[in-house]
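Step one of this worksheet: look at the structure below.
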Amino acid sequence: MFGNSSPVQSNQAGPHHHLVRQLERHRHSPFLKPALDHNRIAFEASVAAWKAQGNLPLIIDAGCGVGSSTLHLSKTFPDHFVIGIDQSADRLSRHRPPDDHGNHVCVRADLVDYWRLMQAAGIRPARQYVLYPNPWPKAAHLGRRWHGHPVFPTIVELGGYFECRSNWHIYIQECAQTLHRLGAGSIEVERLEALVPITPFERKYLASGHSLWRCTAQLP
Ligand SMILES: C[S@@+](CC[C@H](N)C(=O)[O-])C[C@H]1O[C@@H](n2cnc3c(N)ncnc32)[C@H](O)[C@@H]1O
């Protein structure tokens, strides 16, 4: 598996021409699909775990996979509580919580519902991480990338520090453009160099010689 991952192939040579149009459509038509019960239950369980630790500043690790980055963040920010969210039961089942860190939890839920439940509950994370989301590189799949999805304005409204990493530069450029349009500040796009990997995908892409990129921002 390691060291043989192909670079992202796309029929886009740069940011999608319809990025702004898509965002404006989403901004002006509220996303009303009700949250599913199992996502609501997972959301409530994770919030209860967070509150049981005394309402520490909250970090969201969206699409946490096997939870390596959730654990890494919990150690990097011992005075925060980290919630890792992923829809894959298989990936989450490979998460091994350590004995010595009580400041994180991983839950199975669909992020589209989870983010909206957070917003409805008035929860404001201090930091949000979206590490190596599925790139959906075909131009026709813009709406499946997080910044092309109707839920993206909700992520921005939640606020806090935001970081997205990808091995596809265009994904990160589009993310930065969308954040700018939504009023985020301190937006930076940078190539990640000399990195100690914090997720399995990051490790795999590094071993395959890919360039890695990140976009960081302060959400309004
Ligand atoms: C490419 S993997 C990256 C996983 C991890 N962040 C890493 O870097 O190793 C993308 C992850 O996002 C999760 N994911 C995609 N769409 C999701 C959604 N709507 N809700 C929750 N998780 C989702 C997938 O299950 C998968 O684990």
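Of note:
- Within segment 50-163, helices (runs of 4 or more DSSP H) holding 3 or more residues that are more than 14 Å from the ligand (Cβ to nearest atom): 68-76, 152-158
- Residue match in segment 157-168 (condition: touching a helix residue (DSSP H, G or I) at 6+ places or on another chain (Cβ under 7 Å) and without any contact (Cβ under 8 Å) to a residue 24 or more places away in the chain): no
- Any hit, segment 170-178, residues being in contact with a Phe, Trp or Tyr (Cβ under 6 Å, 6 or more places away or on another chain) and among the aromatic types (Phe, Trp, Tyr): no
- Contact annotation: residue pairs with Cβ atoms under 7 Å, 6 or more positions apart or on different chains, pairing a residue in segment 43-70 that is over 18 Å from TRP115 (Cβ atoms) and modelled with pLDDT under 95 with a partner that is hydrophobic (A, V, I, L, M, F, W, C) and more than 16 Å from the ligand (Cβ to nearest atom), are GLN53/PHE81.
- The number of residues in segment 47-97 being of a type in the set (Gly, Ala, Ser) and surrounded by 13 or more Cβ atoms within 10 Å (Cβ to Cβ) comes to 10.
- Subset of segment 190-216 (residues that are free of Cβ contacts under 8 Å to residues at least 24 places away in the same chain and either buried (at least 19 other Cβ atoms within 10 Å of the Cβ) or of a type in the set (D, E, K, R) (or both)): ARG191, GLU193, LEU206
- In segment 5-27 there is no residue that is away from the ligand (no atom under 16 Å from the Cβ), out of contact with any Phe, Trp or Tyr (no Cβ under 6 Å at 6 or more places or on another chain), under 27 Å from ALA120 (Cα atoms) and assigned to a loop (DSSP other than H, G, I, E, B).
- Among residues of segment 184-201, those that are charged (D, E, K, R) and either within 16 Å of the ligand (Cβ to nearest atom) or outside any strand (DSSP E or B) (or both), counted: 1
The values are calculated or read from the model by the stated rules, or taken from the named source; none is laboratory data. Worth saying up front: this structure is predicted, and the values here are computed from it rather than measured. All Cβ positions, even for glycine, are placed from backbone atoms using ideal geometry, and neighbour counts span all protein chains on display.
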